[in-house]
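The values are calculated or read from the model by the stated rules, or taken from the named source; none is laboratory data. Here the structure is a predicted model, which means the values were calculated and not measured. Neighbour counts are summed over all protein chains in view; Cβ atoms, including those assigned to glycine, are modelled from backbone coordinates with ideal geometry.
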Amino acid sequence: MAEMTLEQLTGLLRECAGEEEGVDLDGDVLDRSFTNLGYDSLAMLQVIGRIEQDYGLTLPDEVVAEATTPRQFLARMNDGLSEVARPA
C-alpha cells in the first residue's frame with residue numbers, strides 16, 4: 001500500500017468503532033477532531049490495531065495522542081508506510 005486515503009480511514013473507523021448518528025464521515029472531516037466525530041482514544045486504538053494487523057505496520061502509541069484529526073493521522077500513517085516501503 002503506497003498511501004492510506006481518507007476513504008480508507010473512514011472505512012476503518014466505521015468497521016472498528018461504528019459511526020455516530022449525525023456525523024457524516026463522507027463530508028469534510030479532514031480537520032475535525034476525532035472527538036467531535038465521535039471517536040475516543042479507545043476507538044482509535046482499535047483502528048490502529050486493525051491497521052497494524054492488515055498492513056504489517058507498527059505505529060507508535062504517540063500517534064493516538066498527537067494525531068487528533070484525520071489529516072494529522074493520515075500524515076503520520078503515511079509517513080510510516082513510506083518508511084516500510086523504503087528498501088533497506
Residue among GLY38, GLY22 that alone is modelled with pLDDT of 90 or more, part of a loop (DSSP other than H, G, I, E, B) and out of contact with any Ser or Thr (no Cβ under 7 Å at 6 or more places or on another chain): GLY38
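Which one is modelled with the highest pLDDT among residues in the range 1-15 that are surrounded by 11 or more Cβ atoms within 10 Å (Cβ to Cβ), aliphatic (A, V, I, L, M) and outside any helix (DSSP H, G or I)? Spell out the reasoning first.
Filtering the range 1-15 for residues surrounded by 11 or more Cβ atoms within 10 Å (Cβ to Cβ) gives 1, 3-6, 8-15.
When the remaining residues are screened for being aliphatic (A, V, I, L, M), the result is 1, 4, 6, 9, 12-13.
Subsequent filtering for residues that are outside any helix (DSSP H, G or I) retains 1, 4.
Values: MET1: 56, MET4: 89.
Residue satisfying both the conditions and the ranking: MET4.
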Scan of the range 47-75 for residues that are surrounded by fewer than 16 Cβ atoms within 10 Å (Cβ to Cβ) and assigned to a helix (DSSP H, G or I), ordered by number: GLY49, ARG50, GLU52, GLN53, ASP54, TYR55, GLU62, ALA65, GLU66, ARG71, ALA75
Any hit, the range 45-56, residues being among the aromatic types (Phe, Trp, Tyr), at pLDDT 90 or above and out of contact with any Leu (no Cβ under 6 Å at 6 or more places or on another chain): no
Every pair of residues 6+ apart whose Cβ atoms lie under 6 Å, when the first sits in the range 21-42 and is within 13 Å of PRO70 (Cβ to Cβ) while the second is outside any helix (DSSP H, G or I) and of a type in the set (Gly, Ala, Ser): VAL23/GLY38
